[in-house]
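K.L.:
Can you read through this structure? Questions will come right after.
The values are calculated or read from the model by the stated rules, or taken from the named source; none is laboratory data. Since the model is a prediction, treat every value here as computed from it, not as a measurement. Ideal geometry is used to build each Cβ from the backbone, glycine not excepted, and the neighbour counts take in all protein chains shown.
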Amino acid sequence: MRKIAFILLIAAMAAGCTKNSIDRPEDRSICFAPVAEKATKAIIQGATYPTTEAFTVSAYHEGTSAYFENLSASYNSTLTLWETATAEYWPLAGSLTFNAYSPSSASGVTITSDGVTATGYTVQTATQMTTDLCYGSYTVADCASHPESVPLQFSHALTQVVFRVKAASYYENTSLSMTSLSMSGICSVGDFTGSAWENQNTEFNYDLHGISTVLTYDGTTPVTTDVCSYLFVPQTLGPNAAINVGYSVDFGGGRTLNNPPVTVSITGGTITEWVPGKKYIYTLNIGLDNVITISASTVGWSDQGYNIIVEES
């Protein structure tokens, strides 16, 4: 049996052209063997598509006529590929364009011959903030000589933001802890079409981390601690976009400072926009004298980073 296989790299027939009207032998069924572009349910971090995940796929003959639509493809451990519950077969001639999104459980996502769309896609809850939304498309130009595996490449539709924290070096002989982390003024809803976002709205306040995190040293060098990582709707950061950091300092001798959250704007740096498929790393440096500085650098999910110094008065 020759099946259609998809390689995911971590992106009713029309009248007169029905599936039954296209010649297709029953020994040429379509299956999938995915690989992600970069790194849906958890945030994909490598090029291997999780075998625990299913994706939804549609196929269009000659780019416009629906050959099959909205079928969930899941992993078959015996065949070591992804297959749909109902077998679909390669036509003998013509092209097939495959459009897909991942995971299949994603809410409000649709597929047309033009690609993947999502209207009013919302990222607010913990589940939504840790569920990757991916999309992909590939065209087999001549089904008469189709590949064994269809190279359908999944791309990330959302933005990943990573938060890290460290202390200034002069806290070496004190006990410093980050006590809370939140973001405010971040748009949580948007419309996705093809590969772009628009109509981002509904500013939302995100509680990201509420567990006291003790900051440590390697000798006299502050250790940078990863705090959390979440997904957000890509957007231009508005004037209200900010990170709020609470922390406490134990100076010894019964002298303790419990600092309420310090609000740090994130729109004054060189990065003013969150782009789909990129990772932004915010490093929070807790220091003294009420001075806040921001620097940014880019590395490559693509990585982009801020260093923010939070000071107490």
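K.L.:
Suppose we keep only residues that are in contact with a Cys (Cβ under 9 Å, 6 or more places away or on another chain) and polar (S, T, N, Q) within segment 82-98. Which one would you say is surrounded by the fewest Cβ atoms within 10 Å (Cβ to Cβ)?
P.N.:
SER95
K.L.:
When you check VAL189 against the structure, is it closer than 30 Å to SER248 by Cα, among the aliphatic types (A, V, I, L, M) and in contact with a Ser or Thr (Cβ under 7 Å, 6 or more places away or on another chain), yes or no?
P.N.:
no
K.L.:
While we're here: Restricting segment 104-132 to residues that are in a loop (DSSP other than H, G, I, E, B) and at pLDDT 95 or above, which is surrounded by the most Cβ atoms within 10 Å (Cβ to Cβ)?
P.N.:
VAL123
K.L.:
A further question on this structure: Tell me, yes or no, whether segment 258-271 has at least one residue that is over 20 Å from MET183 (Cβ atoms) and either modelled with pLDDT of 85 or more or outside the structural domain of TYR121 (by TED's automatic domain parsing) (or both).
P.N.:
Within segment 258-271 (the criterion being over 20 Å from MET183 (Cβ atoms) and either modelled with pLDDT of 85 or more or outside the structural domain of TYR121 (by TED's automatic domain parsing) (or both)), the answer is yes, since at least one residue qualifies.
K.L.:
Determine which member of the set LEU181, LEU176 is part of a strand (DSSP E or B), surrounded by 21 or more Cβ atoms within 10 Å (Cβ to Cβ) and in contact with a His (Cβ under 9 Å, 6 or more places away or on another chain).
P.N.:
LEU181
K.L.:
Which numbered condition trips up TYR101, out of (1) part of a loop (DSSP other than H, G, I, E, B); (2) among the hydroxyl-bearing types (Ser, Thr, Tyr); (3) crowded, with 20+ Cβ neighbours inside 10 Å?
P.N.:
Checking TYR101 against (1) part of a loop (DSSP other than H, G, I, E, B); (2) among the hydroxyl-bearing types (Ser, Thr, Tyr); (3) crowded, with 20+ Cβ neighbours inside 10 Å, the one that fails is (1).
K.L.:
Exactly one condition in (1) in a strand (DSSP E or B); (2) under 30 Å from ASP226 (Cβ atoms) is false for SER74; which is it?
P.N.:
(2)
K.L.:
Checking the condition polar (S, T, N, Q) and either more than 18 Å from the chain's Cα centre (by Cα) or buried (at least 18 other Cβ atoms within 10 Å of the Cβ) (or both), which residue from SER229, SER248, SER195 passes?
P.N.:
Answer to the selection: SER248.
K.L.:
Also: Out of the residues in segment 278-312 that are at pLDDT below 65 and not in a strand (DSSP E or B), which is farthest from PRO234 (Cα to Cα)?
P.N.:
Only one residue tops the list, namely ASP289.
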